[in-house]
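Single-structure report; data block below.
FYI, it's all coordinate maths here, none of it is from the lab. Remember, it's a predicted structure, so these values are computed and weren't measured experimentally. Virtual Cβ from ideal backbone geometry, glycine too; neighbours counted across all protein chains shown.
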Amino acid sequence: MSISRIEGRLVDAQGNLIGMVRVSAEGGLWSGEIDLSGSAPSIVSLFTRFEQLVNGQMLSLVDAVETEISQLGAQFLVADEEALPVEDLQIYPAQREVSFRTT
């Protein structure tokens, strides 16, 4: 059985592009691929720092970066549908992977 993927955009509270995504949902958790090529350098830098801290198991420093990420006010947009607020946004730029929850 194949899982259908949905293409959409992640944007911040001001509507600036975070990344283009291709994701599937399971139990409220969305996960899949992300393209950061149209993202601002500051966004890429933020998530690169996050990825490095997680991979380096510097979990005591992850909280501060997660706070910065939550302050983006990320939203998930699919076609002409209403934007869904995003929580627990995790982007791994080197792996081009994303996961998040919608509320």
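Restrict the search to the stretch 20-55; then list the chymotrypsin sites (Phe, Trp or Tyr not before Pro) that DSSP places in a loop and that have at most 11 other Cβ atoms within 10 Å of their Cβ.
Hits after loop and neighbour filter: nothing returned.
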Using a 10 angstrom cutoff on alpha carbons, build the Gaussian network for the chain and name the most mobile of GLU26, GLU87, GLU66.
GLU26
Would you mind checking the tilt of helix 41-55 against the longest principal axis of the Cα atoms of the chain, expressed as 0 to 90 degrees and rounded to 10?
70
For the chain, longest principal axis from Cα atoms; helix 59-70 axis from its Cα atoms; angle between them, nearest 10 degrees, is 40
Can you compute log10 of I(q)/I(0) for the chain with the Debye formula, treating each Cα as one identical point scatterer, at q = 0.14 Å⁻¹?
-0.50
So for LEU10, LEU36, LEU59, fewest C-beta neighbours within 10 Å to most, what's the order?
LEU59, LEU36, LEU10
When a footprinting reagent is the concern and you count Cβ atoms within 10 Å, what order do SER4, SER99 take, fewest first?
SER4, SER99
Could you give the length gained by full extension between THR103 and LEU84, i.e. 0.36 nm per residue of separation minus their alpha carbon distance, to one decimal place?
6.2 nm
Only helices counted: for the chain, with every DSSP H run of 4 or more residues adding -39500 (n - 2.57) and the sum spread over all residues, [θ] at 222 nm is -8500 deg cm²/dmol
